[in-house]
Amino acid sequence: MMLNIFTASLILLAFVLSILFFIVWNDRKERRMLQAKNQHLEAGGILETVSIADILKLEISERIQLVEDIWDSISAVPDAVILSDAQREELDRRLENYQENPSSGSPWDEVKNRILNQK
């Protein structure tokens, strides 16, 4: 009986820890998105505070993180992305083409190999 209580306690602890991790991770992600949005609004645009030369001085991992942060800030406000009529028509055309013939595309592995083998 003692082993079952111990096992149940461990399972409960693992469950609680996973919930806490999820909450903290989501909170951190939301905070990063809000900070990026606020920084952009307060500074009047990122290019006024950071130059391309400054960005290129960053390590690759830092630039990747910057791109992820920028993407998160964009995806946080999808209504702010305004498409032209031509862009919307092209997206509609591509979606319709895919729906009519979903097997007409190429799998990612094939596309990747074609790109890599162009050299």
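In region 55-66, what residues are hydrophobic (A, V, I, L, M, F, W, C) and surrounded by fewer than 11 Cβ atoms within 10 Å (Cβ to Cβ)? Within region 55-66, L56, I60 meet the criteria.
Residue-by-condition table, conditions (1) under 30 Å from I55 (Cα atoms); (2) modelled with pLDDT under 90; (3) basic (K, R):
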{"position": "W71", "(1), (2), (3)": "yes, yes, no"}
{"position": "V77", "(1), (2), (3)": "yes, yes, no"}
{"position": "A80", "(1), (2), (3)": "yes, yes, no"}
{"position": "L83", "(1), (2), (3)": "yes, yes, no"}
{"position": "R94", "(1), (2), (3)": "no, yes, yes"}
{"position": "Y98", "(1), (2), (3)": "no, yes, no"}
{"position": "P107", "(1), (2), (3)": "no, yes, no"}
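In region 63-76, the residues that are free of Cβ contacts under 8 Å to residues at least 40 places away in the same chain form Cβ pairs under 6 Å with partners that are part of a helix (DSSP H, G or I), at six or more places apart or across chains, as follows: D69/R32; D69/A36. Per the listing S103, S73, the residue uniquely surrounded by 11 or more Cβ atoms within 10 Å (Cβ to Cβ) and of a type in the set (G, A, S) is S73. Scanning region 86-119 for residues that are hydrophobic (A, V, I, L, M, F, W, C) and over 23 Å from the mean Cα position of the chain (by Cα) gives A86, I115, L116.
The values are calculated or read from the model by the stated rules, or taken from the named source; none is laboratory data. Values in this document were obtained by computation on a predicted structure and should not be read as measured data. All Cβ positions, glycine included, derive from the backbone under ideal geometry; neighbour counts span all protein chains shown.
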